[in-house]
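The structure appears right after this line, and notes come after that.
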Amino acid sequence: MKKQQAAITGIEGYVPDDVLTNHDLAKIVDTNDEWITTRTGIKERRILKKGKASSDMGAAAAKKLLEKKQMQASEIDMIICATATPDMIFPSTACIIADKIGAQNAFAYDLMAACSGFLYGLATAAKFIETNTYKKILVIGTDKMSSIVNYKDRATCIIFGDGAGAVLLEPNTEGLGIQDSILKSDGSGRSFLHMKAGGSKHPASFETVKNNEHSVYQDGKTVFKYAVKNMADVSAEIMKKNNLFSDDIQWLVPHQANKRIIDATARRMGIGDEKVMLNIHKYGNTTNGTIPLCLWDWESELKKGDNLILAAFGGGFTWGSIYLKWAYDSNK
Ligand code: UT7
């Protein structure tokens, strides 16, 4: 029997309708469009309405994907939801999504690796397919970052947005799909990017709310330094490991945290801007949503056999890279 690999066979995304532009933010905090654009590449981001949660976006993307694939939700074996903004600490957002889409035969769980979560999820799901354990797996990246952003903190509120993407993974015996992954983490970086309260160490209290400890804290300069180095290093490493040269790669699919980090990664890989998926200008950093939202935006341009390098860096620290061969020509 030929080796069984895990291939993405469908992709969908969901972004909320409400747009928050740089000009809107300049009315709330001391910032301006020029600073945000030149430092990050972001022009606007989407914001999910109050009362809606990460599961609503994840379920919306998953439902569209099932419709597109003309599949029943009952066919799904497993759902991994990568999120840093679960609806609640428990039960998992994956269980809530499974219920919302009617995937009653799936077992579902969340995976927490901050901005690298979607890559961790893909690599994990791939193992269940490669070992012939399951045949249809949804990997969903969804984050309502606006629910944990302090809109008085100009260093963080300009970066994040809300959004979700979902992919279907199925077995492939033509040599297509996920070829390799390199995933890394270093918990000593946790103090530079975290949300201090709301967990078991600092449960919610009057003090934690008063001190704004339920929102993202980021030491931007330090995170930037580590992100630039590690995302570029791991992307170069996966190329070397798989004997890939820049001409062999059709697309770099980077986590969208800062255009300058993406540019540095592409330069290190020897890849021109025309091969880099970039949608940070319209969605900002949607954490687990960035990579599937890129694939969704570019789906119509992807061709069967294209070599893609996916790369991310995020809180933890966590980072990694996945090399995959795209498995289908889209008729989107
Ligand atoms: O996705 C998870 C991983 N996260 C990342 O990869 C993000 C990594 N970090 C970054 O992308 C960047 O560090 C930021 C975009 C967050 C910040 O850009 P920076 O070029 O590192 O700015 P900085 O923090 O060094 O601040 C430079 C200056 C400071 O003023 P002074 O001290 O030089 O007078 C800040 O106070 O810019 C000021 N500043 C702002 N000015 C206008 C900081 N935020 C703003 C703002 N508008 N929103």
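Worth pointing out:
- Surrounding net charge for LYS100, when Lys and Arg each add one and Asp and Glu each subtract one, Cβ distance under 10 Å: -1
- Net +/- balance of residues flanking GLU170 in space, Cβ distance below 11 Å, scoring K and R +1, D and E -1: +1
- Gaussian network model of the chain, Cα within-10 Å springs - most flexible of SER116, SER185, SER200: SER200
- Cα extents of the range 5-175 along the three principal axes, largest first (Å): 54, 35, 27
- Each part reduced to its alpha carbon centroid, the range 1-33 and the range 59-107 end up 18 Å apart.
- Computed per residue of the chain from DSSP H runs no shorter than four, each worth -39500 (n - 2.57), the mean residue ellipticity at 222 nm is -9500 deg cm²/dmol.
- Nonlocal amide H pairs with LYS144, under 5 Å, H built at 1.01 Å: SER54, THR85
- Cα centroid separation - the range 186-206 against the range 141-166, whole Å: 17
- Residues TRP296, TRP251, sorted so that the one with the fewest Cβ neighbours within 10 Å comes first: TRP251, TRP296
- Between amide H atoms placed 1.01 Å from N, distances below 5 Å from GLY284 occur with LYS43, GLU44, all of them 5 or more places distant or on a separate chain.
- On the principal axes of its alpha-carbon atoms, the chain has extents of 61, 45, 37 Å, going from largest to smallest.
- DSSP beta bridges fully contained in the range 5-175 are about 65 percent antiparallel.
- Candidates ALA264, ALA62, ALA232, ranked by Gaussian network fluctuation over the chain, Cα under 10 Å, top entry: ALA264
- Net charge over other residues, Cβ less than 12 angstrom from the Cβ of ILE76 (K, R count +1; D, E count -1): +1
- Above-threshold pairs, the threshold being 27 Å between Cα atoms, out of LYS144/LYS325; LYS2/LYS304; LYS68/LYS184: LYS144/LYS325; LYS68/LYS184
- LYS304-GLU75 FRET efficiency (beta carbon distance; Förster radius 22 Å; 0.05 resolution): 0.45
- Among beta bridges that DSSP assigns inside the chain, antiparallel share in %, nearest 5: 70
- Cβ-Cβ distance of HIS214 and GLU67, R₀ of 51 Å, FRET efficiency by 1/(1 + (r/R0)^6): the value works out to about 0.90.
No lab work stands behind these numbers, since they all come straight from the coordinates. Predicted model, so just to flag it, every value in this text is computed and none were measured. For neighbour counting, all protein chains shown are included, and Cβ atoms are generated from backbone atoms with ideal geometry for every residue, glycine included.
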